[in-house]
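None of the figures in this text is laboratory data; all of them are computed from the coordinates on show. The model shown is predicted, which means the values in this text are computed figures rather than measured ones. Note: ideal-geometry Cβ built from the backbone for every residue, glycine included; neighbour counts use all protein chains shown.
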């Protein structure tokens, strides 16, 4: 009898706990701002959408989003302006960590909590950093390519925004892994994480080389992989004849893997939902973890339907 009572009590407590968020959501008040880098980037838009969707359940929380259109100096200005206006929590994903570090550090020192998503700054001038592990993701990707190439081949690396911390980590880690294989050569081009920039970079190679002298493409984002495939098709080259690896796992990557035009992708969560949840905790005066590392999943033809695309 006592055991049954305890069980009923436990079920009651769980039911009450489940009912708490609706009450709490109405009580949380404050302002959150997201100083985004570039909303012309699909992944960046998805990141903002994840923050907005999570905060939509909290009517007392106001969200403002700015778009620096890929200009790090404009993003720094947005950060300063939002802080001066007294935003309660600032979220940002700095386009250039070094350039924005003094501004973000100053804002943080003056009392505004700062949550960094995906990209960090040097030093400790922020409240929380939410991100997948770029080193680990890149090591797994490099291992996959090297195994498929059997240690011999030419790889085109399409790099993201040059001074963004994920780009730096994805580049250094990949080069460190491939350096141990003398039969592998790596050529780099900048695609800025944008489909159009990657398309133009590959088209330029096709013009100057009279063909495509590579066995594989390592695109630091799946959006750039899309641009590369578009350029290859325009040049009369079947992307299915190349080994293509990307990061993010977007819908286009799932389709390309299914069609045999991309070998692998790695899920790269935007961290928007997690960042929004940390912002809510800060608005309630709670402490938050200094760093939150998000999981990444390798996706190939074997498991592409088991993993959900980022967008």
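Using Cβ counts within 10 Å as a stand-in for footprinting exposure, how do 287, 40 rank, fewest first? Don't skip to the end; give the middle numbers.
Details: 287 9, 40 13.
Fewest to most other Cβ atoms nearby, the residues stand as 287, 40.
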Say each of residue 71 and residue 200 gets a label point 7 Å from the Cα, pointing the same way as Cα to Cβ; how far apart are those two points in nm? 1.7 nm
Hey, with R₀ at 41 Å, roughly what FRET efficiency would residue 109 and residue 188 work out to, going by the Cβ-Cβ distance, to 0.05? 0.65
Tally the DSSP beta bridges in the chain and give the antiparallel ones as a percent, rounded to 5. 5 percent
Sorted from largest to smallest, which semi-axis lengths in Å does the alpha carbon gyration tensor of region 134-267 give for its equivalent ellipsoid, taking the root of 5 times each eigenvalue? 19, 16, 15
Options (1) 62, 51, 40; (2) 72, 57, 34; (3) 69, 43, 38 are given for Cα extents along the principal axes in Å, and the computed one is (2)
If R0 is 25 Å, what FRET efficiency do you get for residue 29 and residue 311 from their C-beta distance, rounded to 0.05? 0.25
Longest principal axis of the chain (C-alpha) makes with the long axis of helix 222-234 (C-alpha) an angle, in degrees to the nearest 10, of 30 degrees
Could you let me know the centre-to-centre spacing of region 58-81 and region 90-158, using Cα atoms, in angstrom? 19 Å
Mind giving me the nanometre distance, one decimal, between the label points for residue 99 and residue 297, set 7 Å out from Cα along Cα→Cβ? 3.6 nm
Full extension from residue 85 to residue 255: what is 0.36 nm times the residue separation minus their Cα-Cα distance, to one decimal in nm? 56.8 nm
Take the Cβ-Cβ distance between residue 286 and residue 45 as r, set R0 to 41 Å, and report the resulting FRET efficiency rounded to the nearest 0.05. 0.90
Likely footprinting exposure, 189, 148, fewest C-beta neighbours within 10 Å first: 148, 189
